[in-house]
1. Ranked by Cβ crowding within 10 angstrom, fewest neighbours first, how are 128, 188, 37 ordered?
2. Please list 48-59, 1-12, 91-102 highest first by mean number of surrounding beta-carbon atoms within 10 Å per residue.
3. Find, to one decimal place in angstroms, the Kirkwood hydrodynamic radius of the stretch 109-191, where the mean of 1/r is taken over every pair of different Cα atoms and then inverted.
4. Compute a Gaussian network model of the chain, connecting alpha carbons closer than 10 Å, and tell me which residue from 169, 217, 227 fluctuates the most.
5. Using only Cα atoms, locate the centre of the stretch 207-249 and the centre of the stretch 170-203, then give the distance between them in Å, rounded to an integer.
6. Of the residues 33, 171, 115, which exhibits the maximal mean-square fluctuation in a Gaussian network model of the chain defined by a 10 Å Cα contact cut-off?
7. For all pairs of alpha-carbon atoms in the stretch 42-148, what percent lies in each bin of width 10 Å, listed from the first bin to the last filled one?
8. Test of understanding: ordering 223, 74 by Cβ neighbours within 10 Å, fewest first, what list do you get?
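Every read-out reported here was derived from the displayed coordinates using simple, explicitly stated rules and does not represent laboratory data. Quick caveat: nothing in here was measured; it's all calculated off a predicted structure. Note that we place each Cβ from the backbone using ideal geometry, even for glycine, and neighbour counts take in every protein chain shown.
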Ligand code: PEP
């Protein structure tokens, strides 16, 4: 049985003060509670130490990116061991905003995944998803297959089952539009088939697949009720404590 995983993606939102206020309020409102899922947020680098200091023990700290080498003259980048020092356990890789604005490619994403698994205990949340034009041309599954195959190239079989894959149709991110639960299920099931064909059904059955794209407290249930959707990657609805708690509930 795959445990659900719900991760907020705070993107470039929240100062340290705001992150601290969020966690203080979240902790106050959820004291003594336990959630039936893995959960946490992917914050900007400057907020990671605030989360480390304030979070409850089961709250996951995730980063939004990392570099594919140990160290060096890479201005503006962050290394996996730097993230691990801050108790980061997951890292988003290949978010569509990074592909679009920071020239990330299937190849650079593949380098990062290989590096993460070989250098650290971090677990990647690999994002994939099609543009609106690709969706309208019914190219979704072809695009997803290309992205997944390229991203997973040369990864060790034993690492694949630890992976989280987030299916995020780009036209649904931050737009208020969502894929239907049936569409999202169909693509997530296809992702599982792709992994099964590359590795094995047993491995594919262990991979957790999230849906992302305008997930809110009002619609999360329909997505999570689908057999191949094991969680959600949530942008704007993760920024307010009340919404985030409602998502987890
Ligand atoms: C995201 O950034 O990964 C995302 C899904 O954003 P939103 O929930 O705001 O669409």
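1. Working: 128 28, 188 24, 37 18.
By the 10 Å Cβ count, ascending: 37, 188, 128.
2. Working: 48-59: 15.7, 1-12: 17.9, 91-102: 19.8.
Most protected by this proxy first, the peptides run 91-102, 1-12, 48-59.
3. With all distinct Cα pairs of the stretch 109-191 included, I get 13.7 Å.
4. Result for the chain, Cα springs under 10 Å: 227 fluctuates most.
5. The stretch 207-249 and the stretch 170-203 have Cα centres spaced 14 Å from each other.
6. Greatest mean-square fluctuation among the candidates belongs to 33.
7. Bins of 10 Å from zero give 14, 42, 29, 13, 2 percent of pairs.
8. Starting with the residue having the fewest Cβ neighbours, the order is 74, 223.
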